[in-house]
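K.L.:
Dropping the structure in here first, questions after.
The values are calculated or read from the model by the stated rules, or taken from the named source; none is laboratory data. The shown structure was predicted, so the numbers you read here are calculated from the model rather than taken from an experiment. Note that each Cβ is placed from the backbone with ideal geometry, even for glycine, and that neighbours are counted across all protein chains shown. The protein model used for the area step is the full one, side chains on, heavy atoms only, and it has no ligands, DNA or RNA in it. Shrake-Rupley method; radii C 1.70, N 1.55, O 1.52, S 1.80 Å.
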Amino acid sequence: MAVTESQVLEALRQVADPDRGSDIVSLKMVSGVAVKDGHVHFTLEVDPARGAALEPLRQAAEKAVDRLPGVLSVTAVLTAHRPAPKAVSGGGAPGTGAPGAGKQPKAGVPGVAAIIAVASGKGGVGKSTTSTNLALAMAANGLKVGLLDADIYGPSMPRMMGLSGKPDSADGKRLDPLVNYGIKVMSMGFLVAEDTPMIWRGPMVMSALTQMLRDVNWGELDVLVVDMPPGTGDAQLTMAQSVPLAGAVIVSTPQDIALLDARKGLNMFRRVDVPVLGIIENMSYFCCPNCGHRSDIFSHGGARAEADKLGIDFLGEVPLDIAIRETSDAGTPITIHQPDGVHARTYRAIAARVAEKIKAGGGRAAPRFVIE
Ligand code: ADP
């Protein structure tokens with residue numbers, strides 16, 4: 001029989017917070033319960049001061065739910081309530097950063113030399129497709145690469161990277177990323193079914209992202225590519241502020257940059273002092289698969305001209321080609337499916353440019369902290 005939300009809550013009533021002498025449901029610590037086909041997800045809201053000390057409580061809560069008949073998997077995420085990050089007011093000169101923004105020390109991820117964000121001003125411009133092919137192209141260029149799908153609203157990496165199944169955890173604390181085509185991948189999609197509607201509030205987003213960044217055995221990486229959530233709202237800003245990013249790559253379509261969406265992305269990173277490594281123009285022009293005729297349906301070249309105007313590097317252009325979509329949908333991205341094809345060469349050239357920029361300090365090196 002399918003497990004219900006009220007059964008989950010009933011089970012959680014049996015779990016007591018040892019320090020506060022009552023159960024976690026009565027203490028209103030449980031939120032965001034989502035149940036879908038036997039997969040259960042919920043959040044425990046805790047005082048940030050108690051943070052790590054509550055890991056046993058999180059595990060006890062997971063176990064209590066796991067015992068219910070019909071439960072196939074349980075994911076509990078600890079959320080530390082912090083005051084919302086102060087919105088950074090706009091209007092500052094590009095690159096100067098708002099006062100105080102981005103200045104707080106950010107703990108790096110041990111073993112990871114550089115973290116880069118791939119972002120877009122809005123959804124649907126091909127950010128995830130670009131992140132995936134960029135990460136694979138960097139690996140093809142000889143780097144050790146990880147790919148973190150921070151697009152928790154619509155995780156697409158499991159499908160694009162041809163990966164399914166759940167990450168293992170040898171010690172019950174840290175997750176092992178899944179691996180395909182030589183790169184390590186972590187996605188909320190491995191923990192929650194892709195079609196599960198999730199309603200995330202700001203603090204939950206950060207908690208989930210922090211866990212995917214820090215509680216994963218990434219090992220030694222030259223680059224961790226983070227596929228950011230689309231847009232430039234609070235979640236993106238908080239992420240950009242709290243992760244030691246070596247730089248950001250903006251993906252834009254020609255019409256998108258003209259409509260200012262991509263500029264919002266640029267300004268967001270500049271305001272938090274994250275160097276923008278450059279812009280990639282996706283769906284730049286259309287190549288007819290039958291006759292090879294090229295059509296500039298979106299007034300191709302807009303991103304290059306805008307990049308020049310904004311003083312940002314133009315990293316390259318990728319055409320709209322049905323083969324790019326079909327290979328991503330089939331779980332063998334074009335850089336893997338046709339490694340000698342024109343698109344794979346384009347992605348590798350872009351990847352080499354990005355790697356050069358990181359090396360040259362186009363971004364700051366992630367500070368190395370040892371946690372635990
Ligand atoms: P986002 O992450 O920005 O929401 P996706 O990467 O999921 O965008 O891409 C949206 C859709 O467009 C997907 O179906 C994807 O396969 C397709 N797509 C992305 N880039 C290209 C391209 N260059 N040519 C053809 N289809 C593309």
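K.L.:
Report the relative contact order of the range 271-362, percent, no decimals, based on alpha-carbon pairs under 8 angstrom and at least 6 residues apart.
P.N.:
Relative contact order comes out at 29 percent.
K.L.:
If you don't mind, another one. Among PRO333, LEU134, GLY278, flag the residue with its Cα farthest along the positive direction of the charge dipole of the range 115-361, charges on Cβ as +1 for Lys/Arg and -1 for Asp/Glu.
P.N.:
GLY278
K.L.:
Run the quick spin-label model on ASP176 and GLN255: label points 7 Å from Cα toward the beta carbon, then report their separation in nm to one decimal.
P.N.:
4.6
K.L.:
Could I ask something else about it? Suppose the chain between GLN14 and ALA360 were pulled fully straight at 0.36 nm per residue; how much longer would it get relative to their current alpha carbon spacing?
P.N.:
Contour length minus the Cα-Cα distance gives 119.0 nm.
K.L.:
Roughly what would the spin-label model give for ASP37 and GLU55, points 7 Å off Cα along C-beta, in nm?
P.N.:
Once both label points are built, they end up 3.2 nm from each other.
K.L.:
Can you compute the modelled spin-label distance between LEU72 and LYS309, with each label point 7 Å from Cα toward Cβ, in nm?
P.N.:
Modelled inter-label distance: 5.0 nm.
K.L.:
Can I ask one more? State, as an integer percentage, the relative contact order of the range 5-80 based on alpha-carbon contacts under 8 Å between residues 6 or more apart.
P.N.:
Values: 109 pairs, mean separation 24.5, N = 76.
For the range 5-80, the relative contact order is 32 percent.
K.L.:
Right, something else. What FRET efficiency comes out for ALA349 versus LYS63 if R0 is 45 angstrom and r is the Cβ-Cβ distance? Round to the nearest 0.05.
P.N.:
The formula returns an efficiency of 0.35 here.
K.L.:
Compute the relative contact order of the range 115-361 as a whole-number percentage, counting only Cα pairs closer than 8 Å that sit 6 or more residues apart in sequence.
P.N.:
Relative contact order comes out at 26 percent.
K.L.:
Also, quick follow-up: At a Förster radius of 35 Å, what calculated FRET efficiency corresponds to the Cβ-Cβ distance of SER6 and ASP215, to the nearest 0.05?
P.N.:
According to the calculation, E is roughly 0.75.
K.L.:
Quick check: convex hull of the Cα atoms in the range 115-361, volume per residue, rounded to a whole Å³? Present the calculation step by step, with values, prior to reporting the outcome.
P.N.:
Numbers: hull volume 29.7 nm³, N = 247.
So the per-residue Cα hull volume is 120 Å³.
K.L.:
Solvent-accessible area per residue for the range 115-361 at a 1.4 Å probe radius, Å²?
P.N.:
38
K.L.:
What is the packing order of peptides 351-361, 164-174, 121-131, taking the mean over residues of other C-beta atoms within 10 Å and listing the highest first?
P.N.:
Highest mean packing first, the order is 121-131, 351-361, 164-174.
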